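Below you'll find the structure, written out as C-alpha coordinates, and then a few comments.
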Amino acid sequence: GRKYSFLAISSSQIRDKSAWIIAEDRKTTVEAIRKWMGRFTSKNVAKHAARMGQCFSSTYATVTMRPDEVDESFDDVVHNEYIFSDGIGKITPDLALEVAERLQLTDNPPSAYQIRFAGFKGVIAVWQGHGDGTRLFLRPSMRKFESNHLVLEVVSWTKFQPGFLNRQIIILLSSLNVPDSIFWQMQETMLSNLNNILSDRDVAFEVLTTSCADDGNTAALMLSAGFEPRTEPHLKAMLLAIRSAQLQDLLEKARIFVPKGRWLMGCLDELGVLEQGQCFIRATVPSLNSYFVKHGSRFSSTDKNTEVILGTVVIAKNPCLHPGDVRILEAVDVPELHHLVDCLVFPQKGERPHANEASGSDLDGDLYFVTWDENLIPPGKKSWNPMDYSPPEAKHLPR
(Lines give C-alpha, C1' and ligand atoms only; values in the text may rest on other atoms or scores of the structure.)
Protein backbone atom coordinates (compact mmCIF):
# COMPACT_ATOMS: atom_id res chain seq x y z
CA GLY A 1 0.00 0.00 0.00
CA ARG A 2 2.98 2.38 -0.20
CA LYS A 3 3.63 4.51 -3.25
CA TYR A 4 7.28 4.96 -4.24
CA SER A 5 8.45 7.86 -6.41
CA PHE A 6 11.66 8.17 -8.39
CA LEU A 7 14.12 10.59 -6.77
CA ALA A 8 17.44 10.48 -8.69
CA ILE A 9 20.06 8.21 -10.24
CA SER A 10 23.84 8.32 -9.94
CA SER A 11 26.20 7.31 -12.75
CA SER A 12 27.33 4.14 -10.96
CA GLN A 13 23.67 3.14 -10.52
CA ILE A 14 23.13 3.26 -14.27
CA ARG A 15 25.72 0.49 -14.52
CA ASP A 16 24.16 -1.73 -11.86
CA LYS A 17 20.52 -0.99 -12.81
CA SER A 18 19.41 0.61 -9.56
CA ALA A 19 18.02 4.02 -8.57
CA TRP A 20 16.95 6.03 -5.53
CA ILE A 21 13.19 5.73 -5.00
CA ILE A 22 11.40 7.04 -1.96
CA ALA A 23 8.07 6.42 -0.22
CA GLU A 24 6.71 9.94 0.27
CA ASP A 25 4.83 10.93 3.40
CA ARG A 26 3.33 14.29 4.40
CA LYS A 27 6.68 15.59 5.69
CA THR A 28 9.02 14.21 3.01
CA THR A 29 8.26 14.67 -0.65
CA VAL A 30 10.49 14.14 -3.69
CA GLU A 31 9.97 17.79 -4.60
CA ALA A 32 11.15 18.98 -1.16
CA ILE A 33 14.27 16.78 -1.23
CA ARG A 34 15.25 17.99 -4.71
CA LYS A 35 14.78 21.60 -3.63
CA TRP A 36 17.02 21.01 -0.60
CA MET A 37 19.68 19.37 -2.80
CA GLY A 38 20.17 22.50 -4.93
CA ARG A 39 19.09 24.23 -8.14
CA PHE A 40 19.53 22.02 -11.21
CA THR A 41 19.09 24.11 -14.32
CA SER A 42 20.61 21.92 -17.07
CA LYS A 43 18.11 21.14 -19.85
CA ASN A 44 20.22 18.24 -21.11
CA VAL A 45 18.76 15.01 -19.70
CA ALA A 46 22.07 13.15 -19.11
CA LYS A 47 23.75 16.17 -17.48
CA HIS A 48 20.72 16.95 -15.35
CA ALA A 49 20.64 13.36 -14.04
CA ALA A 50 24.43 13.36 -13.44
CA ARG A 51 24.29 16.66 -11.49
CA MET A 52 21.59 15.25 -9.21
CA GLY A 53 23.47 11.97 -8.88
CA GLN A 54 26.45 13.94 -7.56
CA CYS A 55 24.56 14.50 -4.28
CA PHE A 56 24.53 10.74 -3.75
CA SER A 57 28.30 10.11 -3.81
CA SER A 58 29.46 8.23 -0.71
CA THR A 59 31.37 10.90 1.20
CA TYR A 60 32.81 11.65 4.64
CA ALA A 61 31.48 14.92 6.10
CA THR A 62 34.36 16.95 7.55
CA VAL A 63 34.60 20.70 8.26
CA THR A 64 31.66 23.12 8.01
CA MET A 65 32.94 26.20 6.17
CA ARG A 66 32.00 29.86 6.65
CA PRO A 67 31.09 31.65 3.40
CA ASP A 68 33.89 34.23 3.91
CA GLU A 69 36.54 31.44 3.97
CA VAL A 70 35.65 30.20 0.49
CA ASP A 71 36.66 31.82 -2.81
CA GLU A 72 34.18 30.40 -5.35
CA SER A 73 35.55 32.26 -8.37
CA PHE A 74 39.26 31.43 -8.34
CA ASP A 75 40.47 31.88 -11.94
CA ASP A 76 40.69 28.89 -14.27
CA VAL A 77 43.89 28.45 -16.34
CA VAL A 78 42.78 28.57 -19.99
CA HIS A 79 44.76 28.55 -23.26
CA ASN A 80 43.99 27.27 -26.75
CA GLU A 81 40.37 26.93 -25.63
CA TYR A 82 41.41 24.14 -23.22
CA ILE A 83 40.86 24.49 -19.46
CA PHE A 84 44.14 23.28 -17.94
CA SER A 85 42.75 23.55 -14.40
CA ASP A 86 39.53 21.68 -15.19
CA GLY A 87 38.15 20.32 -11.90
CA ILE A 88 40.94 21.31 -9.48
CA GLY A 89 41.16 23.98 -6.77
CA LYS A 90 43.32 24.72 -3.71
CA ILE A 91 43.12 24.23 0.06
CA THR A 92 45.36 25.92 2.64
CA PRO A 93 47.65 23.68 4.77
CA ASP A 94 45.83 24.53 8.04
CA LEU A 95 42.40 23.60 6.64
CA ALA A 96 43.86 20.46 5.02
CA LEU A 97 45.16 19.42 8.44
CA GLU A 98 41.73 20.01 10.02
CA VAL A 99 40.16 17.79 7.33
CA ALA A 100 42.86 15.13 7.94
CA GLU A 101 42.06 15.23 11.69
CA ARG A 102 38.36 14.59 11.02
CA LEU A 103 39.31 11.65 8.80
CA GLN A 104 41.90 10.42 11.36
CA LEU A 105 44.71 10.68 8.81
CA THR A 106 47.05 12.95 10.81
CA ASP A 107 50.00 10.49 10.72
CA ASN A 108 50.24 10.91 6.95
CA PRO A 109 48.13 13.93 5.98
CA PRO A 110 47.03 13.66 2.31
CA SER A 111 48.29 16.17 -0.29
CA ALA A 112 44.97 16.37 -2.14
CA TYR A 113 41.33 15.46 -1.57
CA GLN A 114 38.53 14.65 -3.99
CA ILE A 115 35.55 16.59 -2.65
CA ARG A 116 31.92 17.62 -2.93
CA PHE A 117 31.07 21.07 -1.56
CA ALA A 118 27.76 22.87 -2.21
CA GLY A 119 27.34 22.39 -5.99
CA PHE A 120 31.10 21.98 -6.57
CA LYS A 121 32.87 18.76 -7.48
CA GLY A 122 36.56 18.05 -8.01
CA VAL A 123 39.95 17.95 -6.30
CA ILE A 124 41.57 20.39 -3.88
CA ALA A 125 45.36 20.20 -3.50
CA VAL A 126 47.36 21.70 -0.64
CA TRP A 127 48.96 25.09 -1.46
CA GLN A 128 49.84 28.14 0.63
CA GLY A 129 46.98 30.67 0.93
CA HIS A 130 47.03 34.33 -0.07
CA GLY A 131 46.99 35.66 3.50
CA ASP A 132 43.46 37.14 3.23
CA GLY A 133 41.62 34.58 5.38
CA THR A 134 40.45 32.51 2.38
CA ARG A 135 41.06 28.81 3.05
CA LEU A 136 39.34 27.11 0.13
CA PHE A 137 39.76 28.14 -3.51
CA LEU A 138 37.23 26.72 -5.98
CA ARG A 139 37.28 27.32 -9.74
CA PRO A 140 34.27 27.94 -12.03
CA SER A 141 35.08 24.64 -13.84
CA MET A 142 34.28 22.81 -10.58
CA ARG A 143 30.79 24.31 -10.21
CA LYS A 144 28.11 21.92 -11.41
CA PHE A 145 24.94 23.40 -9.87
CA GLU A 146 23.78 25.96 -7.29
CA SER A 147 23.54 24.92 -3.65
CA ASN A 148 24.12 26.44 -0.22
CA HIS A 149 25.27 23.30 1.60
CA LEU A 150 28.48 24.39 3.40
CA VAL A 151 29.92 21.08 4.64
CA LEU A 152 33.20 20.03 2.99
CA GLU A 153 32.56 16.40 2.03
CA VAL A 154 35.46 14.15 1.09
CA VAL A 155 35.13 11.33 -1.45
CA SER A 156 38.77 10.12 -1.48
CA TRP A 157 42.32 11.33 -0.86
CA THR A 158 45.90 10.72 -2.02
CA LYS A 159 47.57 7.65 -0.54
CA PHE A 160 49.86 4.79 -1.52
CA GLN A 161 48.07 2.83 -4.25
CA PRO A 162 50.09 0.05 -5.91
CA GLY A 163 50.23 -0.03 -9.71
CA PHE A 164 48.54 -2.78 -11.71
CA LEU A 165 48.25 -3.24 -15.47
CA ASN A 166 44.92 -4.27 -16.97
CA ARG A 167 43.76 -5.58 -20.35
CA GLN A 168 43.27 -2.16 -21.93
CA ILE A 169 46.69 -0.84 -20.89
CA ILE A 170 48.42 -4.09 -21.93
CA ILE A 171 46.79 -4.00 -25.41
CA LEU A 172 47.85 -0.38 -25.93
CA LEU A 173 51.42 -0.91 -24.70
CA SER A 174 51.66 -3.99 -26.89
CA SER A 175 50.46 -1.96 -29.90
CA LEU A 176 53.24 0.56 -29.07
CA ASN A 177 55.79 -2.29 -29.46
CA VAL A 178 56.39 -3.29 -25.83
CA PRO A 179 57.28 -7.02 -26.28
CA ASP A 180 54.64 -9.48 -25.04
CA SER A 181 57.39 -11.45 -23.28
CA ILE A 182 57.59 -8.59 -20.73
CA PHE A 183 53.94 -9.09 -19.69
CA TRP A 184 54.37 -12.88 -19.50
CA GLN A 185 57.43 -12.43 -17.32
CA MET A 186 55.66 -10.00 -14.95
CA GLN A 187 52.69 -12.35 -14.71
CA GLU A 188 54.96 -15.33 -13.96
CA THR A 189 56.72 -13.40 -11.17
CA MET A 190 53.37 -12.40 -9.67
CA LEU A 191 52.04 -15.98 -9.83
CA SER A 192 55.16 -17.45 -8.30
CA ASN A 193 54.98 -14.93 -5.41
CA LEU A 194 51.30 -15.69 -4.79
CA ASN A 195 51.96 -19.44 -4.84
CA ASN A 196 54.75 -19.11 -2.27
CA ILE A 197 52.80 -16.75 -0.01
CA LEU A 198 52.23 -19.43 2.67
CA SER A 199 55.60 -21.16 2.53
CA ASP A 200 58.02 -18.22 2.31
CA ARG A 201 57.67 -15.43 4.89
CA ASP A 202 59.84 -12.98 2.94
CA VAL A 203 57.70 -13.41 -0.16
CA ALA A 204 54.51 -13.03 1.89
CA PHE A 205 55.89 -9.87 3.48
CA GLU A 206 56.83 -8.42 0.09
CA VAL A 207 53.40 -9.15 -1.41
CA LEU A 208 51.66 -7.55 1.59
CA THR A 209 53.71 -4.35 1.72
CA THR A 210 54.09 -3.69 -2.02
CA SER A 211 50.86 -4.80 -3.66
CA CYS A 212 48.12 -4.58 -1.00
CA ALA A 213 47.81 -0.90 -0.01
CA ASP A 214 46.00 -0.81 3.37
CA ASP A 215 44.39 -4.24 3.12
CA GLY A 216 47.62 -6.00 4.08
CA ASN A 217 48.44 -3.96 7.21
CA THR A 218 47.26 -6.42 9.83
CA ALA A 219 48.83 -9.42 8.15
CA ALA A 220 52.13 -7.55 7.63
CA LEU A 221 52.23 -6.57 11.32
CA MET A 222 51.58 -10.19 12.35
CA LEU A 223 54.35 -11.47 10.06
CA SER A 224 56.82 -8.89 11.37
CA ALA A 225 55.91 -9.86 14.93
CA GLY A 226 57.01 -13.43 14.19
CA PHE A 227 53.74 -15.30 13.54
CA GLU A 228 54.02 -18.24 11.12
CA PRO A 229 51.38 -18.54 8.35
CA ARG A 230 51.47 -22.33 8.64
CA THR A 231 50.60 -22.40 12.34
CA GLU A 232 48.49 -19.23 12.82
CA PRO A 233 45.02 -19.82 11.29
CA HIS A 234 43.93 -16.15 11.16
CA LEU A 235 47.10 -15.06 9.37
CA LYS A 236 46.82 -18.02 6.99
CA ALA A 237 43.20 -17.12 6.19
CA MET A 238 44.16 -13.47 5.45
CA LEU A 239 47.02 -14.50 3.15
CA LEU A 240 44.79 -16.97 1.30
CA ALA A 241 42.08 -14.32 0.88
CA ILE A 242 44.61 -11.86 -0.60
CA ARG A 243 46.01 -14.58 -2.89
CA SER A 244 42.57 -15.57 -4.09
CA ALA A 245 41.49 -11.93 -4.72
CA GLN A 246 44.63 -11.16 -6.73
CA LEU A 247 44.32 -14.38 -8.77
CA GLN A 248 40.66 -13.59 -9.51
CA ASP A 249 41.63 -10.10 -10.76
CA LEU A 250 44.45 -11.60 -12.83
CA LEU A 251 41.98 -13.98 -14.46
CA GLU A 252 39.19 -11.47 -15.11
CA LYS A 253 41.08 -8.24 -15.83
CA ALA A 254 44.71 -9.30 -16.43
CA ARG A 255 45.58 -7.16 -13.37
CA ILE A 256 49.35 -7.71 -13.34
CA PHE A 257 51.25 -6.11 -10.45
CA VAL A 258 53.86 -3.49 -11.48
CA PRO A 259 56.41 -2.92 -8.66
CA LYS A 260 57.65 0.31 -10.33
CA GLY A 261 54.17 1.71 -10.82
CA ARG A 262 51.37 3.48 -8.93
CA TRP A 263 47.85 4.77 -9.29
CA LEU A 264 48.08 8.53 -8.63
CA MET A 265 45.57 11.38 -8.43
CA GLY A 266 46.04 14.07 -11.10
CA CYS A 267 46.95 17.59 -9.85
CA LEU A 268 48.03 20.90 -11.38
CA ASP A 269 51.33 22.76 -11.02
CA GLU A 270 49.90 26.04 -9.68
CA LEU A 271 53.33 27.74 -9.82
CA GLY A 272 53.76 27.19 -13.56
CA VAL A 273 57.31 25.77 -13.23
CA LEU A 274 56.75 22.57 -15.24
CA GLU A 275 57.12 22.76 -19.04
CA GLN A 276 55.01 20.92 -21.60
CA GLY A 277 55.91 17.20 -21.64
CA GLN A 278 57.11 17.26 -18.01
CA CYS A 279 55.46 16.05 -14.82
CA PHE A 280 56.37 15.79 -11.13
CA ILE A 281 55.92 12.63 -9.04
CA ARG A 282 56.87 12.05 -5.43
CA ALA A 283 55.66 8.59 -4.50
CA THR A 284 55.38 6.78 -1.18
CA VAL A 285 57.77 3.84 -0.91
CA PRO A 286 55.95 0.88 0.65
CA SER A 287 57.41 -0.03 4.03
CA LEU A 288 56.24 -1.15 7.44
CA ASN A 289 57.06 2.22 9.01
CA SER A 290 53.77 3.71 7.90
CA TYR A 291 51.91 0.84 9.57
CA PHE A 292 53.82 1.22 12.84
CA VAL A 293 53.10 4.96 12.99
CA LYS A 294 49.37 4.16 13.21
CA HIS A 295 50.06 1.91 16.20
CA GLY A 296 52.11 4.54 18.03
CA SER A 297 54.95 2.06 18.32
CA ARG A 298 58.62 2.66 19.13
CA PHE A 299 59.39 1.41 15.61
CA SER A 300 57.85 4.47 14.00
CA SER A 301 60.27 6.82 12.33
CA THR A 302 59.51 10.42 11.50
CA ASP A 303 61.20 10.10 8.11
CA LYS A 304 58.52 9.87 5.44
CA ASN A 305 59.47 7.11 3.05
CA THR A 306 59.06 8.75 -0.32
CA GLU A 307 61.05 8.95 -3.53
CA VAL A 308 61.03 11.54 -6.31
CA ILE A 309 60.72 9.76 -9.66
CA LEU A 310 63.06 10.98 -12.39
CA GLY A 311 63.25 10.11 -16.11
CA THR A 312 60.76 8.80 -18.64
CA VAL A 313 57.35 7.67 -17.34
CA VAL A 314 54.28 6.20 -19.01
CA ILE A 315 50.83 7.37 -17.90
CA ALA A 316 47.34 6.15 -18.81
CA LYS A 317 43.84 6.57 -17.47
CA ASN A 318 41.05 4.04 -17.72
CA PRO A 319 39.15 3.55 -19.91
CA CYS A 320 41.87 3.83 -22.59
CA LEU A 321 41.17 2.53 -26.09
CA HIS A 322 43.36 4.59 -28.47
CA PRO A 323 47.21 4.33 -28.70
CA GLY A 324 47.35 8.11 -28.09
CA ASP A 325 45.73 7.60 -24.65
CA VAL A 326 49.11 6.33 -23.40
CA ARG A 327 51.23 9.46 -22.75
CA ILE A 328 55.00 9.40 -22.37
CA LEU A 329 56.25 12.23 -20.12
CA GLU A 330 59.50 13.26 -18.48
CA ALA A 331 59.40 13.22 -14.66
CA VAL A 332 61.56 16.03 -13.21
CA ASP A 333 62.51 17.13 -9.70
CA VAL A 334 61.07 20.50 -8.61
CA PRO A 335 61.77 21.35 -4.93
CA GLU A 336 58.74 23.73 -4.76
CA LEU A 337 56.41 20.77 -5.49
CA HIS A 338 57.80 18.42 -2.82
CA HIS A 339 54.75 18.90 -0.57
CA LEU A 340 52.61 17.00 -3.13
CA VAL A 341 53.02 13.29 -2.35
CA ASP A 342 51.29 10.51 -4.30
CA CYS A 343 50.03 13.02 -6.89
CA LEU A 344 50.74 13.16 -10.60
CA VAL A 345 51.44 16.88 -11.09
CA PHE A 346 50.72 18.12 -14.62
CA PRO A 347 52.08 21.36 -16.16
CA GLN A 348 49.80 24.32 -16.91
CA LYS A 349 51.83 25.12 -20.05
CA GLY A 350 51.56 23.70 -23.55
CA GLU A 351 49.21 23.29 -26.49
CA ARG A 352 46.78 20.97 -24.72
CA PRO A 353 46.49 19.57 -21.16
CA HIS A 354 48.25 16.18 -20.86
CA ALA A 355 45.29 14.99 -18.78
CA ASN A 356 42.94 15.73 -21.68
CA GLU A 357 45.28 13.87 -24.09
CA ALA A 358 44.94 10.75 -21.92
CA SER A 359 41.39 9.53 -22.72
CA GLY A 360 39.97 13.07 -22.62
CA SER A 361 40.26 13.10 -18.84
CA ASP A 362 40.45 16.08 -16.44
CA LEU A 363 41.61 16.83 -12.89
CA ASP A 364 38.38 16.26 -10.95
CA GLY A 365 39.61 13.14 -9.12
CA ASP A 366 40.69 10.80 -11.90
CA LEU A 367 43.37 8.27 -10.98
CA TYR A 368 46.18 7.72 -13.47
CA PHE A 369 48.24 4.58 -13.91
CA VAL A 370 51.92 5.65 -13.88
CA THR A 371 54.98 3.45 -14.39
CA TRP A 372 58.69 4.20 -14.57
CA ASP A 373 59.63 0.57 -15.33
CA GLU A 374 62.02 0.75 -18.32
CA ASN A 375 60.64 -2.50 -19.73
CA LEU A 376 57.16 -0.97 -20.05
CA ILE A 377 58.29 2.22 -21.81
CA PRO A 378 57.61 1.93 -25.57
CA PRO A 379 60.92 1.69 -27.51
CA GLY A 380 60.39 4.97 -29.42
CA LYS A 381 59.79 6.94 -26.14
CA LYS A 382 57.36 9.10 -28.15
CA SER A 383 53.62 9.39 -27.56
CA TRP A 384 51.21 8.79 -30.42
CA ASN A 385 49.12 11.74 -31.59
CA PRO A 386 46.33 12.04 -29.03
CA MET A 387 42.74 11.54 -30.06
CA ASP A 388 40.41 14.55 -30.23
CA TYR A 389 38.02 14.32 -27.31
CA SER A 390 36.04 17.54 -27.81
CA PRO A 391 32.49 16.66 -26.75
CA PRO A 392 29.68 16.73 -29.33
CA GLU A 393 27.08 19.45 -28.87
CA ALA A 394 24.71 18.50 -26.05
CA LYS A 395 21.03 18.20 -26.90
CA HIS A 396 18.89 20.59 -24.85
CA LEU A 397 15.17 20.14 -24.31
CA PRO A 398 12.80 23.12 -24.27
CA ARG A 399 11.37 22.03 -20.90
Cβ under 10 Å from residue 342's Cβ, residue 342 left aside: what net charge do those residues give with Lys, Arg +1 and Asp, Glu -1?
+3
Inter-probe distance in nm under a simple model that places probes 7 Å from Cα toward Cβ, at residue 151 and residue 175
4.5
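Evaluate the charge dipole of the stretch 53-211 about its Cα centre and quote only its size in Debye, nearest 20, assuming +1 on the Cβ of each Lys and Arg and -1 on the Cβ of each Asp and Glu.
340
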For the stretch 323-359 and the stretch 69-102, compute the distance between their C-alpha centroids and round to whole Å.
17
Take the chain, connect every pair of alpha-carbon atoms lying under 10 Å apart with a spring to form a Gaussian network, then pick out the residue of 125, 219, 331 with the largest mean-square fluctuation.
219
First measure r as the distance between the Cβ atoms of residue 18 and residue 322, then evaluate 1/(1 + (r/R0)^6) with R0 = 41 Å and state the FRET efficiency to the nearest 0.05.
0.85
Could you please report the charge total around residue 359, scoring K, R as +1 and D, E as -1 over all other residues with beta-carbon less than 14 angstrom from its beta-carbon?
-4
If you roll a 1.4 Å probe over the stretch 1-107 with all protein chains in place, what percent of the accessible area is carbon or sulfur?
51
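Could you give the size of the charge dipole of the chain about its Cα centre, using +1 on the Cβ of each K and R and -1 on the Cβ of each D and E, expressed in debye and rounded to the nearest 20?
1720
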Scanning the chain for GluC sites (Glu not before Pro) in DSSP loops with at most 15 other Cβ atoms within 10 Å, what's the longest stretch left with none?
82-274
If we count every other residue with Cβ under 12 angstrom of residue 170's Cβ, Lys/Arg +1 and Asp/Glu -1, where does the sum land?
+2
To the nearest 0.05, how large is the calculated FRET efficiency for residue 185 and residue 35 if R₀ is 41 Å and r is the Cβ-Cβ distance?
0.10
Whole number in Å², please: accessible area per residue of the stretch 1-70, 1.4 Å probe, ligands, DNA and RNA not counted.
73
Can you tell me the relative contact order of the chain? Whole percent, Cα pairs under 8 Å, sequence separation 6 or more.
18
Suppose the chain between residue 307 and residue 214 were pulled fully straight at 0.36 nm per residue; how much longer would it get relative to their current alpha carbon spacing?
31.6 nm
Unpartnered Cys in the chain, judged by a 4.7 Å Cβ-Cβ cut-off, are 55, 212, 279, 320
Who wins for biggest fluctuation among 17, 159, 236 in a Gaussian network model of the chain, springs between alpha carbons below 10 Å?
17
Bin width 20 Å, alpha-carbon pairs only: give the P(r) of the chain as whole percents, running from 0 to the bin holding the largest distance.
24, 54, 21, 0
Difference of contour (0.36 nm per residue) and Cα-Cα distance, residue 25 to residue 11
2.3 nm
For the pair residue 227 and residue 247, what calculated FRET efficiency results from E = 1/(1 + (r/R0)^6), where r is the Cβ-Cβ distance and R0 = 25 Å, to the nearest 0.05?
0.60
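The values are calculated or read from the model by the stated rules, or taken from the named source; none is laboratory data. Since we're looking at a predicted model, the values are computed, not measured. All Cβ positions, glycine included, derive from the backbone under ideal geometry; neighbour counts span all protein chains shown. These accessible areas exclude ligands, DNA and RNA; they are computed on the full protein's heavy atoms, side chains included. Shrake-Rupley method; radii C 1.70, N 1.55, O 1.52, S 1.80 Å.
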